[in-house]
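*Asks:* Below are the C-alpha cells for one structure; questions will follow.
The values are calculated or read from the model by the stated rules, or taken from the named source; none is laboratory data. The model shown is predicted, which means the values in this text are computed figures rather than measured ones. Note: ideal-geometry Cβ built from the backbone for every residue, glycine included; neighbour counts use all protein chains shown. Accessible surface areas use protein heavy atoms only, side chains included; no ligands, DNA or RNA. Shrake-Rupley method; radii C 1.70, N 1.55, O 1.52, S 1.80 Å.
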Amino acid sequence: MDLLIINGPNLNLVGKREPSIYGSETLDDIQEELLVTAKSLGVNLKFFQSNSEGEMIDHIHKSVGSTDGILINAGAYTHTSIALRDALLGVAIPFVEVHLSNIYAREDFRHKSFLSDKSLGLVCGFGPISYQLALQGIVSFLHRS
Ligand code: DQA
C-alpha cells in the first residue's frame with residue numbers, strides 16, 4: 001500500500017511556529033515517527049510539503065496510479081481552497097484530513113473546511129498524534145475496501 005502525506009503552507013515551520021498551538025516537534029520529527037508506524041503496518045509513505053496551492057494541486061494530480069490514499073494537512077488552504085478540494089475529488093483517491101490543532105476550538109474562520117465533507121475522516125487536535133491516528137485509520141479503511 002502506497003500512501004502520500006501532504007503538508008501545506010507554513011507547516012515547514014512547525015516546531016518553531018507558534019509552539020503553544022503547534023508544539024515543538026518539527027515536520028521532520030513527525031515524518032520520522034510516521035515512517036516507524038508505517039514500517040510496522042507494512043505500508044510505504046511518500047512526503048510532500050509546499051507553501052504553494054498550485055504545487056500541491058500538481059502533486060495530487062501526479063500521484064494518480066502510484067498512491068492508494070492521501071493524508072493531507074492543507075494548513076490555511078483547508079479554509080479557503082475550492083481548487084484543492086476539486087483536485088482531491090478529481091483524482092478520486094481516498095483522503096483523510098489532518099490538523100495538529102483542534103480547528104473547531106479556534107477562530108471562527110478555521111471552522112470552515114472545504115475538505116472534510118469529502119474526506120474519509122478528519123483527525124484534529126492531537127498534535128503530531130493526529131497524523132498517527134489518521135495513518136492507522138486510512139490503512140484500516142483501505143485494508144477493508
Ligand atoms: C492547521 C490549522 C490551520 O487552521 C492553520 O492554518 C495551519 C495549521 C493545523 O495543523 O492545526 O496552518 O492545519
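*Asks:* For Lys16, go through the aspartates and glutamates and keep the ones whose alpha-carbon is under 16 Å away, minus same-chain ones fewer than eight residues off.
*Replies:* Partners within reach: Glu25, Asp28, Asp29.
*Asks:* For the pair Lys112 and Ala92, how long in nm is the line joining their label points, each one 7 Å along Cα→Cβ?
*Replies:* So the label points at Lys112 and Ala92 sit 2.9 nm apart.
*Asks:* Between rounded, prolate and oblate, where does the stretch 16-118 land on the alpha carbon gyration tensor, with a ≥ b ≥ c its root eigenvalues, rounded for a/c under 1.5, else prolate if a/b exceeds b/c? Working shown, then result.
*Replies:* Values: a/c = 1.78, a/b = 1.06, b/c = 1.68.
Cα axes put the stretch 16-118 in the oblate bin.
*Asks:* Residues of the chain: accessible area per residue at 1.4 Å, in Å²?
*Replies:* Numbers: 7100 Å² over 145 residues.
The answer is 49 Å² per residue.
*Asks:* Taking the alpha-carbon distance from Lys112 and a cut-off under 14 Å, which aspartates and glutamates remain once sequence neighbours fewer than 8 residues away in the same chain are dropped?
*Replies:* Counting by Cα, and skipping residues close in sequence, Lys112 has these aspartates and glutamates nearby: Glu97.
*Asks:* Sticking with this one: Just check the stretch 80-145 against the gyration tensor rule for me: Cα atoms, a ≥ b ≥ c as the square roots of the eigenvalues, rounded for a/c under 1.5, and otherwise prolate or oblate depending on whether a/b exceeds b/c. Numbers along the way, then the final one.
*Replies:* Numbers: a/c = 2.75, a/b = 1.14, b/c = 2.41.
Note, shape of the stretch 80-145 comes out oblate.
*Asks:* Oh, and also: Which of Gly125, Gly75, Gly65 ends up with the largest GNM mean-square fluctuation for the chain, with Cα atoms connected below 10 Å?
*Replies:* Of the options given, Gly65 has the highest mean-square fluctuation.
*Asks:* Still on this model: Who wins for biggest fluctuation among Pro94, Pro128, Pro19 in a Gaussian network model of the chain, springs between alpha carbons below 10 Å?
*Replies:* Comparing Pro94, Pro128, Pro19 in a Gaussian network model of the chain, the most mobile one is Pro19.
*Asks:* In the neighborhood of Thr80, defined by Cβ-to-Cβ distances under 12 Å, what is the net charge if each Lys or Arg adds +1 and each Asp or Glu adds -1?
*Replies:* Taking every Cβ under 12 Å from that of Thr80, the sum is +2.
*Asks:* Can you give me the C-alpha center-to-center distance between the stretch 87-143 and the stretch 30-54, rounded to a whole angstrom?
*Replies:* 14 Å
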